[in-house]
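Undergrad: Below you'll find the structure I mean.
Every read-out reported here was derived from the displayed coordinates using simple, explicitly stated rules and does not represent laboratory data. Note that the coordinates shown come from a computational prediction; the quantities given were computed from them, not determined experimentally. Glycine gets a Cβ as well: all are built from the backbone with ideal geometry, and neighbour counts include every protein chain shown.
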Ligand SMILES: Cc1cc2nc3c(=O)[nH]c(=O)nc-3n(C[C@H](O)[C@H](O)[C@H](O)COP(=O)(O)OP(=O)(O)OC[C@H]3O[C@@H](n4cnc5c(N)ncnc54)[C@H](O)[C@@H]3O)c2cc1C
Ligand code: FES
Ligand code: FES
């Protein structure tokens, strides 16, 4: 399959990439990182563009650094590099739990952290993670740099708060290796594509007495974009996370979701999975938190 | 507009002018006549087109040839040395890890990559790591057996395994 013809540039700096983005009419130019979502869209001609700007060789978009209570991952970092980083393994286990379930090794060798979040596939795994650990998405555009909280980033189906002339440069994931903190990612995979029918990322922080200080729940796959389950989170704060409490809170896990429906899974089934998987993810995260 | 690329393929430096929309798999098959790399689904699902790009297994129907500019690519054609099969090829032959053979070049390259990262994988790890490759014939049982056997042979005689990898192999 051939895409419609386009031009290609692989700039060596962020400034050059921004200039290239602005040198083309909006909608005619697109960034590419790993290409694992965009190349199929171009081949199927579901997306047509005049110019492609490859961000994978921009040094400013690489590197993984510790900034105290978070880990900053360059947007062009591949899934493979992220899961093999000792820093991410130690401080952001939720990223490892989810990314090791993305696609397959070949996809993880090319696909990037930034590309996956910017693409905002309704069934992408990383958006749920970004929500659960209050990630901060850093973008640079013609008028400077800004930081977007994950909760304001996923706007609609494959639509984010990024502007067309902006480049996502890095993502900061809040560390969860403190005492009494635990995380888990639970995914019901589509048997053929491997994408999440529903995926739930949970992060739990306990008080010294074992009650819940805070619980964050990010849901992907069920609705048109990844969402926090605020109702569930509020219902858990201050409580002991036993089976009955989790069951009661997670009964509302699918409330307010803009549920998707397809031949594999109806909206009703997705809502059911959301409730079941939210409880499993929270129970696992709470068990880890209790041991730490 | 065509663009010039330089790619090292199976140890041979190549320079070509390609359209940016040309896929790496088509570059290998049509520009370089290396038809060992197969196109199955052409949509990133089946892994038949798997090659090593800077030492890592990737699906070459999901990479543009221009993205491989400056990189090292290894295809199935590089595995055997003369008449001697690579241990992974020999194990697939000995243990019937193939029937029609269409998926095999992809499985071989994915296996080479897997054994580089993990020379002693469990059966579960083999299945998990070959998730990106589909086979319509074998039912996978003999593929897993072949990978296990290749791993044993390569651990026993690492020097006999002709898999010289470029610097930075395996990423990071
Ligand atoms: C067989 C297969 C299975 C898969 N399974 C899963 C799965 O189970 N779970 C899952 O979550 N995903 C899955 N994916 C998708 C995969 O995760 C993609 O790699 C990822 O969604 C996109 O990352 P990328 O770097 O390849 O982005 P690209 O395809 O290069 O780009 C995607 C979009 O992001 C934009 N973009 C990229 N980088 C930037 C940047 N720095 N700033 C601004 N915009 C940018 C591009 O313009 C484009 O619109 C699968 C893909 C395949 C082919
Ligand atoms: S042909 Fe590339 S994955 Fe199937
Ligand atoms: S041997 Fe026929 S598809 Fe695998």
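Undergrad: Give me the Å³ per residue figure for the convex hull around the C-alpha atoms of segment B:3-76.
TA: Values: hull volume 5.3 nm³, N = 74.
That works out to 72 Å³ per residue.
Undergrad: Could I ask something else about it? Quick check on the exposure proxy: order B:93, A:205 from fewest to most C-beta atoms within 10 angstrom. Present the calculation step by step, with values, prior to reporting the outcome.
TA: Values: B:93 13, A:205 18.
With the sparsest Cβ surroundings first, the list reads B:93, A:205.
Undergrad: Give me the inter-chain shielding for A:94-104: mean count of other chain Cβ atoms within 10 Å, whole number please.
TA: Working: counts 0, 0, 0, 0, 0, 0, 1, 0, 0, 5, 12.
Across A:94-104, the average partner-chain Cβ count within 10 Å equals 2.
Undergrad: Further question: Stretch residue A:292-residue A:28 to full length: gain in nm at 0.36 nm per residue minus the Cα-Cα span?
TA: Values: separation 264, 0.36 × 264 = 95.04 nm, distance 5.06 nm.
Gain on extension, residue A:292 to residue A:28, equals 90.0 nm.
Undergrad: Also, quick follow-up: Quick one: if you stick a label point 7 Å off each Cα along the C-beta vector at residue A:234 and residue A:251, how many nm between them?
TA: 1.7 nm
Undergrad: Would you please give the FRET efficiency between residue A:46 and residue A:146, computed as 1/(1 + (r/R0)^6) with r the Cβ-Cβ distance and R0 = 45 Å, to the nearest 0.05?
TA: Numbers: r = 30 Å, r/R0 = 0.66.
Using R0 = 45 Å, I get an efficiency of 0.90.
Undergrad: Then there is this: Shape call for chain A from the C-alpha gyration tensor, a ≥ b ≥ c root eigenvalues: rounded (a/c under 1.5), prolate (a/b greater than b/c) or oblate?
TA: prolate
Undergrad: Before anything else, pin down the relative contact order of chain B: Cα pairs under 8 Å, at least 6 apart, normalised by residue count, whole percent. If you can, show how the numbers build up before the last one.
TA: On the way: 315 pairs, mean separation 42.0, N = 172.
Normalised by residue count, the contact order of chain B is 24 percent.
Undergrad: Using only the alpha-carbon atoms, what does segment B:1-149 span along each of its principal axes? Please give whole angstrom values in decreasing order.
TA: The Cα atoms of segment B:1-149 stretch 47, 32, 26 Å along their principal axes.
Undergrad: Kindly state, to the nearest 0.05, the FRET efficiency for residue A:84 paired with residue B:123, given R0 = 30 Å and r defined as their beta-carbon distance. Don't jump to the answer; show the numbers that get you there.
TA: Values: r = 23 Å, r/R0 = 0.75.
About 0.85, to the nearest 0.05.
Undergrad: Rounded to the nearest 10 degrees, what's the angle between the helix B:104-117 long axis and the longest principal axis of chain B, both from Cα atoms, 0 to 90?
TA: Computed tilt is about 80 degrees.
Undergrad: For A:8, B:27, B:85, what ranking results if the residue with the fewest other Cβ atoms within 10 Å of its Cβ goes first?
TA: Details: A:8 20, B:27 26, B:85 17.
Placing the least packed residue first, the sequence is B:85, A:8, B:27.
Undergrad: Could you give the angle, 0 to 90 degrees to the nearest 10, between helix A:267-290's Cα long axis and the longest principal axis of the Cα atoms of chain A?
TA: With both axes taken from Cα atoms, the answer is about 70 degrees.
Undergrad: Can you give the convex hull volume per residue for the Cα atoms of segment A:7-54, as a whole number of Å³? Working shown, then result.
TA: Details: hull volume 3.1 nm³, N = 48.
Considering the Cα atoms of segment A:7-54, their hull volume per residue is 65 Å³.
Undergrad: While we're here: Based on a Kirkwood Rh over C-alpha pairs, give the Stokes-Einstein translational diffusion coefficient of segment A:29-188 at 4 °C and viscosity 1.567 mPa s in µm²/s. The partial results should precede the final answer.
TA: Numbers: Rh = 15.8 Å.
Here the translational diffusion coefficient equals 82 µm²/s.
Undergrad: To the nearest 500 deg cm²/dmol, what mean residue ellipticity at 222 nm is calculated for the protein assembly as shown from DSSP H runs of n ≥ 4 alone, each contributing -39,500 (n - 2.57), summed and divided by the residues?
TA: Values: 15 runs with 137 residues, N = 464.
After summing the helix terms and dividing by the residues of the protein assembly as shown, the value is -8500 deg cm²/dmol.
Undergrad: Please arrange A:100, A:116, A:147 by how many other C-beta atoms lie within 10 Å of their C-beta, fewest to most. Walk me through the numbers on the way to the answer.
TA: Details: A:100 14, A:116 26, A:147 10.
Fewest to most other Cβ atoms nearby, the residues stand as A:147, A:100, A:116.
Undergrad: Further question: For segment A:156-292, compute Rh as the Kirkwood radius over C-alpha pairs and then the Stokes-Einstein diffusion coefficient at 37 °C and 0.692 mPa s; write the answer in µm²/s, rounded to an integer.
TA: On the way: Rh = 15.7 Å.
In µm²/s, the coefficient rounds to 209.
Undergrad: If you stretched the chain out fully between residue A:207 and residue A:4, how much longer would it get, using 0.36 nm times the residue separation minus the C-alpha to C-alpha distance?
TA: On the way: separation 203, 0.36 × 203 = 73.08 nm, distance 5.66 nm.
Answer, rounded to one decimal: 67.4 nm.
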